[in-house]
Amino acid sequence: MSTVSKVVLGVSLVFTLGTVTGVHLKQNLDRERLHEGVIRDLERQARKRENLRQLEEQISLTKELETEREKRAAGTQT
């Protein structure tokens, strides 16, 4: 085997291994990014549920306050 063919073979092997390694690393990064997206979505859904719960609680408290004000206003008028 000539020196040129050995060099070409070596360069080909290095290029191939580099490509395979690069693709593998890219796949791992993409997989991690997708997983992080799922986690962010779950956190966003939990925050949304908490915000809705707080909103419902606020609506309930507002109704109670309005009822109290109406009772006081009715008591003051008589």
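FYI, it's all coordinate maths here, none of it is from the lab. Everything quoted here is computed from the prediction, not taken from an experiment. Note that we place each Cβ from the backbone using ideal geometry, even for glycine, and neighbour counts take in every protein chain shown.
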Query raised in the report: With the calculation restricted to Cα positions, what are the radius of gyration and Dmax of the chain in angstrom?
Result: 33.5, 114
Query raised in the report: In a GNM of the chain with a 10 Å cut-off on Cα contacts, which of Glu50, Glu32, Glu64 has the highest mean-square fluctuation?
Result: Glu64
Query raised in the report: If you stretched the chain out fully between Leu13 and His35, how much longer would it get, using 0.36 nm times the residue separation minus the C-alpha to C-alpha distance?
Result: 4.6 nm
Query raised in the report: Which of these, Leu34, Leu55, Leu13, has the largest mean-square fluctuation under a Gaussian network model of the chain (Cα springs below 10 Å)?
Result: Leu13
Requested in this report: Select from Val14, Val23, Val38 the residue whose mean-square fluctuation is largest in a Gaussian network model of the chain (Cα-Cα springs shorter than 10 Å).
Outcome: Val14
Query raised in the report: Between Arg53 and Thr76, what FRET efficiency comes out of the Förster formula 1/(1 + (r/R0)^6) with R0 = 30 Å and r the beta carbon distance, rounded to 0.05?
Result: 0.30
